[in-house]
1. List the residue pairs whose Cβ atoms are under 7 Å apart, where the first residue sits in region 286-310 and is part of a helix (DSSP H, G or I), the second is among the small types (Gly, Ala, Ser), and the two are 6 or more positions apart or on different chains.
2. Can you pull out the residues in region 197-230 that are more than 17 Å from VAL273 (Cα to Cα), at pLDDT below 95, out of contact with any strand residue (DSSP E or B) (no Cβ under 8 Å at 6 or more places or on another chain) and surrounded by 14 or more Cβ atoms within 10 Å (Cβ to Cβ)?
3. Output the residue which, of all residues in region 105-136 that are β-branched (Val, Ile, Thr) and farther than 20 Å from TYR192 by Cα, is least open to solvent (accessible area, probe 1.4 Å).
4. Taking region 95-104 on its own, how many of its residues are surrounded by fewer than 22 Cβ atoms within 10 Å (Cβ to Cβ) and assigned to a helix (DSSP H, G or I)?
5. Do we have LEU254 as at pLDDT 95 or above, surrounded by 15 or more Cβ atoms within 10 Å (Cβ to Cβ), more than 15 Å from the chain's Cα centre (by Cα) and not in a loop (DSSP other than H, G, I, E, B) here?
6. How do the pairs read when you match residues in region 179-192 that are on the phi < 0 side of the Ramachandran plot with residues anywhere that are assigned to a loop (DSSP other than H, G, I, E, B) and polar (S, T, N, Q), using Cβ under 6 Å and keeping only pairs 6 or more apart or on different chains?
7. Listed residues LEU71, LEU81; which is out of contact with any Cys (no Cβ under 9 Å at 6 or more places or on another chain), within 22 Å of ALA155 (Cβ to Cβ) and open to solvent by 10 Å² or more (accessible area, probe 1.4 Å)?
8. Go through the residues of region 273-282 one by one and say whether even a single one is in a loop (DSSP other than H, G, I, E, B), at pLDDT 95 or above and open to solvent by 40 Å² or more (accessible area, probe 1.4 Å).
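The values are calculated or read from the model by the stated rules, or taken from the named source; none is laboratory data. Everything quoted here is computed from the prediction, not taken from an experiment. So basically every Cβ, Gly included, is an ideal-geometry build from the backbone, and we count neighbours across all protein chains shown. Ligands, DNA and RNA are stripped out before the accessible areas are found, and what is left, the full protein with its side chains, is counted by its heavy atoms. Shrake-Rupley method; radii C 1.70, N 1.55, O 1.52, S 1.80 Å.
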Amino acid sequence: MTFPTHRPRRLRTSERLRAMIRETRVTPERLVYPMFVAPGKGLRREIASLPGCFHFSPEEAAREAREVESLGISGVLLFGLPSGKDERGTEGYAEDGIVQKAVRAIRAECRDLLVVTDVCLCEYTSHGHCGVVEAGEVKNDPTLELLSKMALSHARAGAHIVAPSDMMDGRVAAIRKTLDGEGFDGVPILSYAAKYASAFYGPFREAADSAPQFGDRRGYQMDPANVREALREVRLDLEEGADMVMVKPALPYLDVLRAVRDAVDVPVAAYNVSGEYAMVKAAAARGWIDEERIVKETLLSIARAGADIILTYHAKDFARWTK
């Protein structure tokens, strides 16, 4: 019999005591805030399926980034909506592309904020797929050159970190080789190493105008049933030169996140994706949940599962609530 000698409730009797022994903590420094940049000037257009998130023109993105930095959030992750699309996603790797312009604008305004750029073709291609399409098939190897050009253009614009999300085989090695060869050997790669073909991306595809025009992405994004495959993807990306790895989405894949955390000794990120965010916002708007408590518990669960870095649309709200 351990009772009454052992009474775990003794350590729960006050908030000061609970805080002192708390095992997992989430702070704004562990968060990255995703942002969507679009052509124009003075643009700040709310995204219907992501309440509180906006399409920003580059100078408005810089203004938003200043606020993000002031809240103590570590970085922003940029996605671009181009002025035009074509079969090969040309604007994605143009030196004057929309993300490249936003990177320069943010770097000019923010001293310490980390600028992370998403490296993928889907927002820029007319077909909406993440790679080069030939005869109705997404081709792996021809895509690697374009992804490398995109990552290089982001680095030249001033990106601190590049984050390939396309799930093409060998893209980390191709990007690392290109960056190193052009003198950007100090730019880290945060690889979307375990990115699943998930139904939780719906609002993002509206926000980024990136839905595929035919078929789906199951031929390159991962099967939601697989965990061992995720570990293999992570190992391969690390062998190719990734500095950090990501699991996406977060909440439906906490078991994968824990498995990855236990398997590697590099920083691990998790993406609290658009569908997860939108469900919380919708329920909160109807008064069904306490939004602040739900968000704090959600981010805590992701950190507890092993994430060192959390990419989340809740970042600004969380930072304000915890000031």
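1. GLU291/ALA284; ILE302/ALA250; ILE302/ALA270
2. Hits for region 197-230 are PRO212, GLY215.
3. Initial filter on region 105-136 (β-branched (Val, Ile, Thr)): 106, 115-117, 119, 125, 132-133.
Restricting the remaining residues to those that are farther than 20 Å from TYR192 by Cα gives 106, 133.
On the way: ILE106: 1, VAL133: 32 Å².
So the residue we want is ILE106.
4. Step one: of region 95-104, the residues surrounded by fewer than 22 Cβ atoms within 10 Å (Cβ to Cβ) are 95-96, 101, 104.
From what is left, the residues that are assigned to a helix (DSSP H, G or I) are 101, 104.
Result for region 95-104: 2.
5. Details: at pLDDT 95 or above: yes; surrounded by 15 or more Cβ atoms within 10 Å (Cβ to Cβ): yes; more than 15 Å from the chain's Cα centre (by Cα): yes; not in a loop (DSSP other than H, G, I, E, B): yes.
It is true that LEU254 is at pLDDT 95 or above, surrounded by 15 or more Cβ atoms within 10 Å (Cβ to Cβ), more than 15 Å from the chain's Cα centre (by Cα) and not in a loop (DSSP other than H, G, I, E, B).
6. TYR192/SER165
7. Values: LEU71 fails: within 22 Å of ALA155 (Cβ to Cβ).
Of LEU71, LEU81, the one residue that is out of contact with any Cys (no Cβ under 9 Å at 6 or more places or on another chain), within 22 Å of ALA155 (Cβ to Cβ) and open to solvent by 10 Å² or more (accessible area, probe 1.4 Å) is LEU81.
8. No: region 273-282 contains no residue that is in a loop (DSSP other than H, G, I, E, B), at pLDDT 95 or above and open to solvent by 40 Å² or more (accessible area, probe 1.4 Å).
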